[in-house]
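A quick write-up on the structure given underneath.
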Amino acid sequence: MIKVENLSKKYGDLVVLKDISTEIKKGEVVSIIGPSGTGKSTFLRCLNLLDQPSAGSISINEENVLNKKTDVAKIRQKMNMVFQSFNLFSHLSVLQNLTLAPIKLKGLSAEDAEKKSMDLLRLVGLAEKAHNYPDELSGGQKQRIAIARCLAMEPEIILFDEPTSALDPTMVSEVLSVIRRLAKEGMTMVIVTHEMAFARDVSNRVFYMDQGLIYEEGSPEQIFDTPQKERTKAFVNRIRNLIFNINSQDFDLYGINAEVESFCEKQFLTKKLRDHLLLLIEELLIIYKPFLNDLAIQLTIAYSEKNEALELISESDGDKFNPLESEKLPDDIGLNLIKNFSSKIHYAWENNKNTFTISIKK
Ligand code: ADP
Ligand code: MG
């Protein structure tokens, strides 16, 4: 239904979209997730011709929409968009907001447009608000009206740009329920969203966008449970990192401890977990210390908000070096402490890089 080839978009020197190619089939629901500023809105705006792509092609039902002769208004009817900020006309009643475009652009009679609009208001659960004005409605109601208004144009595809981001948390679910219902009825939709649980159960496919690319795509299970690429993993597991580069025996342990403590505080880690982490860092650094004049290590503390899992990772380049098999191991106490506080210890040496990972017991 939608075919995008080598789409790119620049604003001056700023490259926002780099070479995006994809296809979306009729009846598919595609969710787009990713950090902010990675071009998700720009991608939707290009699809809908609100932004002119810098290069590439977009076709809908095999019709090239970037062709100069294309009727842009018609394309926007076929592929209608719902925005974060509703964009309702405040001087028109709810019903008038819905009937305006069908009368003007589709040539419906006022009577037909009203009848159809009332059906759509029933669909989104707001028929009784037909004669109210947008300012008299809550955010969730406004967004449901905006969805009904979009449906009034009988689109073949709906693009949603963060439809629930401007809402109070209590109103998110009423809007998501309406979108879920459209999905069940087979509507083709592309949804930019930060609601991960929703993206997971409503979509056929998920695009993870990062740095102007569809960085990884797959089924919801693939993207949320077994992402393959580093940035996707960090995003879906909501991983927060604290990184130290240590390349001398004179590293500042107090400075490191202070930063780790404030990191733990920000992540709301328990005091017990924080104390274990601090001890583990100290013991690990004692093991590395004799080597630190020749060896540089990168120490990462990674916390997954989603899994509430804490890891301590040390990485070093060069020859194989597993800290637990070092010939200069200090006493057993440190070693036992590392074993006792960890649920899993993993060591790998690949491409001349050592990675030693301690998963810390909760
Ligand atoms: P997202 O929706 O993923 O948060 P956007 O598509 O809104 O990202 O923006 C991607 C990048 O493009 C951002 O760096 C943003 O500042 C820039 N950008 C968006 N629109 C414009 C514009 N009209 N002019 C200049 N830069 C823009
Ligand atoms: Mg956006």
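The values are calculated or read from the model by the stated rules, or taken from the named source; none is laboratory data. Since the structure is predicted, the reported quantities are computational estimates derived from the model, not experimental observations. Every residue, glycine among them, receives a Cβ derived from its backbone with ideal geometry; neighbour counts consider all protein chains shown. Accessible surface is based on the protein model in full, side chains and every heavy atom, while ligands, DNA and RNA are left aside. Shrake-Rupley method; radii C 1.70, N 1.55, O 1.52, S 1.80 Å.
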query = What is the mean projected area of the alpha carbon convex hull for region 76-203, to one decimal in square nanometres?
reply = 7.1 nm²
For region 218-337: lysine pairs under 24 Å (alpha-carbon distance), excluding those fewer than 8 apart on one chain = 9
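Quick one: dipole size for the chain, taken about the Cα centre, charges +1 on Lys/Arg Cβ and -1 on Asp/Glu Cβ, in debye to the nearest 20.
1380 debye
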ask   = Counting other Cβ atoms within 10 Å, which trypsin sites (Lys or Arg not before Pro) in region 1-105 have at most 15 and lie in a DSSP loop?
value = Lys25, Lys26, Lys68, Lys69
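Using a simple charge model, +1 on the beta-carbon of Lys and Arg, -1 on the beta-carbon of Asp and Glu, nothing else, what dipole does region 18-93 show about its Cα centre, in debye to the nearest 20?
140 debye
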note = Of the accessible area of region 219-362, computed with a 1.4 Å probe and all protein chains kept, carbon and sulfur make up a percent value of 46 percent
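Which chymotrypsin sites (Phe, Trp or Tyr not before Pro) in region 73-141 pass both tests, a DSSP loop state and at most 15 other beta-carbon atoms within 10 Å?
Phe89
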ask   = Excluding Tyr215 itself, what net charge comes from residues whose Cβ is under 10 Å from its Cβ, given Lys and Arg +1 and Asp and Glu -1?
value = -2
request  = With 5 Å bins from zero, work out the P(r) of region 127-272 over every alpha carbon pair and list the percent per bin.
outcome  = 2, 7, 14, 14, 13, 13, 10, 8, 7, 5, 3, 2, 1, 0, 0
Separation between Cα centres of region 85-142 and region 307-341, rounded to whole Å = 63 Å
inquiry  = What do you get for chymotrypsin sites (Phe, Trp or Tyr not before Pro) in region 192-296 restricted to DSSP loop and a cutoff of at most 16 other Cβ within 10 Å of the site's Cβ?
reply    = Phe268
key: Cut-off of 10 Å, at most 16 other beta carbons, DSSP loop: longest stretch of the chain lacking such GluC sites (Glu not before Pro)   = 186-304
request  = Amide H neighbours of Ser54 under 5 Å, at least 5 residues apart or on other chains, H built in the peptide plane: list them.
outcome  = Ser8, Lys9, Lys10
query = Relative contact order, percent, of region 99-240 when contacts are C-alpha pairs under 8 Å separated by at least 6 residues?
reply = 15 percent
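If you stretched the chain out fully between Asp19 and Arg240, how much longer would it get, using 0.36 nm times the residue separation minus the C-alpha to C-alpha distance?
Once the chain is fully extended between Asp19 and Arg240, it gains 76.7 nm.
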message = For Cα pairs less than 8 Å apart in space and 6+ apart in sequence, what is the mean separation divided by the residue count of the chain, i.e. the relative contact order in percent?
response = 15 percent
message = On the principal axes of its Cα set, how long, how wide and how thick is region 267-351? Give whole Å, largest value first.
response = 36, 31, 21
request  = Stick to the Cα atoms of region 214-362, pair each with every other, and give me the Kirkwood hydrodynamic radius in Å at one decimal.
outcome  = 16.3 Å
ask   = When the scattering of region 134-187 is computed by the Debye formula from its Cα atoms alone, each counted once and equally, what is log10 I(q)/I(0) at q = 0.15, 0.22, 0.25 Å⁻¹?
value = -0.40, -0.85, -1.06
message = I'd like to check one number: the per residue accessible area of region 221-362, probe 1.4 Å, reported in Å² as a whole number.
response = 58 Å²
message = Which one, Thr226, Thr42, Thr164, has the greatest fluctuation when you compute a Gaussian network model over the chain with C-alpha springs under 10 angstrom?
response = Thr226
inquiry  = Ignoring ligands, DNA and RNA, please state the percent of accessible area on region 12-122 from carbon and sulfur, probe 1.4 Å.
reply    = 50 percent
message = Given bins 20 angstrom wide, list per bin the percent of all Cα-Cα distances in the chain, short to long.
response = 25, 41, 25, 8, 0
message = Among Ala146, Ala296, His131, whose Cα projects farthest towards the positive end of the dipole of the chain, with charges put on the beta-carbon of Lys, Arg (+1) and Asp, Glu (-1)?
response = His131
Gyration tensor (alpha-carbon) shape descriptor, region 202-280, a/c threshold 1.5 = prolate
ask   = Taking Rh as the Kirkwood radius, which is the inverse of the mean 1/r over Cα pairs, what is the Rg/Rh value for region 1-111?
value = 1.01
request  = Report, in degrees rounded to the nearest 10, the 0 to 90 angle that the Cα long axis of helix 332-341 makes with the longest principal axis of the chain.
outcome  = 20 degrees
request  = Using only Cα atoms, tell me the angle between helix 110-123 and the longest principal axis of the chain; keep it within 0 to 90° and round to the nearest 10.
outcome  = 30 degrees
